[in-house]
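Note sheet for the following structure.
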Amino acid sequence: MKHAGFIAGVLLAAAAVTATGALAMGPGKERHGMSFEELDTDGNGEITQAEMEEHRAARFQQADTDGDGKLSLDEMQAQARQQADARAKRMMERLDADEDGFLTAAEMPMRQRMGKMFDRVDADGNGAISQAEYDEAHARMKDRHMKGHGHGMQSQD
């Protein structure tokens with residue numbers, strides 16, 4: 001039973017980290033910060049597969065800093081750091097209510113959502129997350145992650 005609090009904390013922390021990334025993107029943005037207008041490069045009101053492929057190729061080329069047509073781990077990490085830095089900057093600008101350059105716990109808007117997350121995981125509503133409830137929530141999140149990345153229902157466990 002003493003592990004239930006720890007597990008709940010881990011789940012809530014993971015939800016907070018994930019949610020803060022989503023908050024940093026802001027409303028109306030695609031997952032990688034691209035608006036519809038930016039993806040619709042010919043401005044005809046529709047995004048074609050060719051436009052999506054152009055976007056993908058441009059992102060690859062931007063990350064391939066040495067121009068060798070391949071991404072190294074260092075290049076991928078550098079690209080991820082740039083994206084994380086940009087998200088953190090947008091988050092700071094949006095959430096730092098007193099504009100002191102710091103975020104306090106009170107300025108973070110996740111409390112209500114985390115409670116809802118806990119309630120969803122606590123399937124039997126007893127105020128604690130059992131191993132079975134934790135495993136079920138983990139499996140659901142893994143399944144959503146796999147579907148979201150085009151992997152279908154395959155698992156590597």
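The values are calculated or read from the model by the stated rules, or taken from the named source; none is laboratory data. Keep in mind the model is a prediction, meaning the values are calculated, not measured. Virtual Cβ from ideal backbone geometry, glycine too; neighbours counted across all protein chains shown. Ligands, DNA and RNA are excluded from the accessible area calculation, which covers all protein heavy atoms including side chains. Shrake-Rupley method; radii C 1.70, N 1.55, O 1.52, S 1.80 Å.
Quick notes
- Residue within the stretch 76-98 that is modelled with pLDDT of 95 or more, open to solvent by less than 60 Å² (accessible area, probe 1.4 Å) and among the charged types (D, E, K, R) present: no
- Residue match in the stretch 28-44 (condition: over 30 Å from Gly125 (Cβ atoms), among the acidic types (Asp, Glu), within 15 Å of the chain's Cα centre (by Cα) and at pLDDT below 50): yes
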